[in-house]
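The values are calculated or read from the model by the stated rules, or taken from the named source; none is laboratory data. Keep in mind the model is a prediction, meaning the values are calculated, not measured. No Cβ is skipped: glycine too gets one built from the backbone with ideal geometry, and neighbour counts run over all protein chains shown.
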Amino acid sequence: MWNNYSLLDYNTFGIDVRAARFMEYRSESELLAFLSGEGLEAPYLHIGRGSNLLFTKDFEGTVLHSCIRGVEVLEEDDKQVRVRVGAGTLWDDFVACCVARGWYGAENLSLIPGEVGASAVQNIGAYGVEVKDLIEAVETVDVHGVKRVYANAECRYAYRDSIFKRPDMKSVFVTRVRFVLGKTPCYRLEYGAIRTELEKRPATNLCTIREVIACIRQAKLPDPKVLGNAGSFFKNPVVPRSSFEALLCQYPSMPFYEVDAGSVKIPAGWLIEQCGWKGKGIGRASVHSRQALVLVNLGGATGQDVVALANAVAASVYDKFHIHICPEVNVI
């Protein structure tokens with residue numbers, strides 16, 4: 001346990017805030033010993049690498065972080081493999097492990113920052129794949145030291161959402177995640193950018209797909225080690241088909257994705273760009289010049305600066321399109 005601990009290395013926005021107390025644990029037993037010994041009083045916050053967090057001020061409580069790592073094979077046959085992964089394992093390290101071992105399913109999620117535990121909370125997704133498609137179950141410990149395993153269906157996964165994001169579930173900490181991955185070739189290549197990149201490469205295999213995804217992401221998204229950011233700041237809004245069709249008459253080139261018979265998803269980045277925000281900002285917080293969905297810290301921005309920019313961007317989108325865009329990032 002450390003007091004007055006800097007969280008600069010635990011948020012990819014690069015906001016220099018501090019936690020009154022910081023506790024890092026390397027095993028489930030270490031976490032349980034802490035909870036049964038010192039106990040944990042509110043306020044408290046369990047974090048990963050902070051790749052989906054925006055701190056607006058110092059945290060006047062206890063921040064916990066898992067260092068439970070490793071990939072354990074539970075069961076394997078010719079068709080699939082079941083694995084158990086520590087919540088503190090870096091997500092992209094796990095994807096690299098899957099690709100190296102010939103396990104299919106996670107490759108489209110290459111280069112997404114953060115840790116495995118947070119991936120199960122956030123339901124991360126990219127290029128036609130969501131992590132819920134791979135998760136079998138989520139292992140947890142609550143603030144009282146009670147262990148529970150949540151089956152996939154109990155996690156209530158939705159677009160960038162899960163049961164673990166509910167306010168009443170903040171006392172539940174993910175310790176490990178169980179995944180089911182394929183052993184036979186199966187790719188998701190529907191996204192145009194993937195097919196375009198594949199045309200430049202001679203073979204289609206797991207390594208190639210991972211390289212292609214990394215290439216696409218690096219071309220669009222800034223490295224948080226260079227320019228503080230949390231990736232996509234806003235969720236892509238899902239609108240009623242009637243609203244979409246009315247907008248399409250005004251903007252025939254508007255990109256979109258079919259959701260179901262009654263609703264359509266519109267890229268938030270496109271909406272923001274149409275409002276003229278790309279490359280513009282407020283103070284030291286800015287909309288990224290190459291990807292309007294990303295808000296960046298140009299250096300020295302505060303969390304409040306980023307929130308002010310986000311609110312201004314959302315207001316512009318509503319004024320122009322009458323569409324609400326909501327943050328994907330958790331504001332603390």
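Points worth noting:
Residue-wise test of (1) surrounded by 19 or more Cβ atoms within 10 Å (Cβ to Cβ); (2) of a type outside the set (Val, Ile, Thr); (3) at pLDDT 90 or above; (4) closer than 13 Å to residue 107 by Cα.
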{"site": "179", "(1), (2), (3), (4)": "yes, yes, yes, no"}
{"site": "208", "(1), (2), (3), (4)": "no, no, yes, yes"}
{"site": "228", "(1), (2), (3), (4)": "yes, yes, yes, no"}
{"site": "232", "(1), (2), (3), (4)": "yes, yes, yes, no"}
{"site": "235", "(1), (2), (3), (4)": "no, yes, yes, no"}
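- Of the residues 203, 193, 246, the single one that is farther than 30 Å from residue 16 by Cβ, out of contact with any helix residue (DSSP H, G or I) (no Cβ under 9 Å at 6 or more places or on another chain) and not assigned by TED's automatic domain parsing to the domain that holds residue 327 is 203.
- Comparison of 207, 186 shows that the only residue that is more than 30 Å from residue 25 (Cα to Cα) and out of contact with any Gly (no Cβ under 9 Å at 6 or more places or on another chain) is 207.
- Flag if residue 307 is under 19 Å from residue 55 (Cβ atoms), in a strand (DSSP E or B) and not basic (Lys, Arg): no
- Among the residues making up segment 133-181, those that are over 26 Å from residue 101 (Cβ atoms) and assigned to a helix (DSSP H, G or I) are 153, 154, 163, 164, 165, 167, 168, 169.
- Wholly within segment 18-91, strands (runs of 3 or more DSSP E) carrying at least 1 residues that are crowded, with 19+ Cβ neighbours inside 10 Å and not charged (D, E, K, R): 18-25, 44-47, 59-66, 80-86
- Checked against (1) farther than 20 Å from residue 329 by Cα; (2) within 18 Å of the chain's Cα centre (by Cα), residue 252 meets all criteria but (2).
- Restricting attention to segment 5-17, the residues that are loosely packed, with under 15 Cβ neighbours inside 10 Å and either in contact with a helix residue (DSSP H, G or I) (Cβ under 6 Å, 6 or more places away or on another chain) or more than 25 Å from residue 225 (Cβ to Cβ) (or both) total 1.
- Counting residues in segment 264-281 that are of a type in the set (Phe, Trp, Tyr), touching a residue at least 60 places away in the same chain (Cβ under 8 Å) and not in a loop (DSSP other than H, G, I, E, B) gives zero.
- Some residue of segment 221-239 being out of contact with any Pro (no Cβ under 8 Å at 6 or more places or on another chain) and part of a helix (DSSP H, G or I): no
- Only one of 263, 286 that is more than 21 Å from residue 112 (Cβ to Cβ), modelled with pLDDT of 95 or more and among the small types (Gly, Ala, Ser): 286
- Any pair with Cβ under 7 angstrom, 6 or more apart, that starts in segment 182-193 at a residue that is farther than 16 Å from residue 98 by Cα and ends at one that is among the β-branched types (Val, Ile, Thr): 193/216
- The residues of segment 183-198 that are surrounded by 15 or more Cβ atoms within 10 Å (Cβ to Cβ) and either among the small types (Gly, Ala, Ser) or assigned to a helix (DSSP H, G or I) (or both), listed by number, are 193, 194, 197, 198.
- Some residue of segment 141-150 being under 17 Å from residue 109 (Cβ atoms), surrounded by fewer than 15 Cβ atoms within 10 Å (Cβ to Cβ) and modelled with pLDDT under 95: no
- The set of residues in segment 295-316 that are surrounded by 23 or more Cβ atoms within 10 Å (Cβ to Cβ) and either under 13 Å from residue 269 (Cα atoms) or of a type in the set (Asp, Glu) (or both) comprises 295, 313.
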